[in-house]
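Below is one structure; the comments refer to it alone.
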Amino acid sequence: LSALLGGMTQIPGAVTNFIGSELVPVLQERWGKYWIVTCGAASIFIAYLGIMIGGQKTPFWLILFMGAFEGFGVGLVFNILHFPSNNHYLLIFYRLMFKQMLNYGMCQLLLR
């Protein structure tokens, strides 16, 4: 892929990240914050699995679709974990964990 197409894969994730962040106050009234974090982490994991299963020959549309799942999950999780000041270390942990998971997935794609 060219650098332009590689950058375009980030657009669906950015849009759904915003949507997920804006939905958190509405969802938090119906569900608890732990359920929202679980759903967000599941969404990120679905994106991770989709990219890993697709491998190096993953179609462009699937990359865009999985990027949207990842962005939505990140929007849900980081918005919930950002507000409580006593969860600062938990927020750092989740950010590092998700970055490592996504980096591992990308490395596996490149090594296949």
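The values are calculated or read from the model by the stated rules, or taken from the named source; none is laboratory data. This one's a predicted model, so the numbers in the text were calculated from it and none came from an experiment. Please note: Cβ atoms are built from the backbone with ideal geometry, for glycine as well, and neighbour counts cover all protein chains shown. Surface accessibility is based on the protein's heavy atoms, side chains included, excluding ligands, DNA and RNA. Shrake-Rupley method; radii C 1.70, N 1.55, O 1.52, S 1.80 Å.
What the table below lists for this structure:
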read-out: Segment 1-50 shape via C-alpha gyration tensor axes, a/c threshold 1.5; value: oblate
read-out: Spin-label model distance (nm) - Tyr34 vs Met8, 7 Å beyond Cα toward Cβ; value: 4.4
read-out: Global geometry of segment 18-87, whether rounded, prolate or oblate, following the gyration tensor of its Cα atoms and the 1.5 cut on a/c; value: prolate
read-out: Accessible area in the full protein assembly, largest first, 1.4 Å probe, for Thr9, Thr38; value: Thr38, Thr9
read-out: Accessible surface, segment 1-88, averaged per residue in Å² (probe 1.4 Å); value: 60
read-out: Surface share of carbon and sulfur [accessible, 1.4 angstrom probe, percent] for segment 1-63; value: 71
read-out: Gain in span if fully extended, Phe60 to Ile19, counting 0.36 nm per residue against the direct Cα distance; value: 12.5 nm
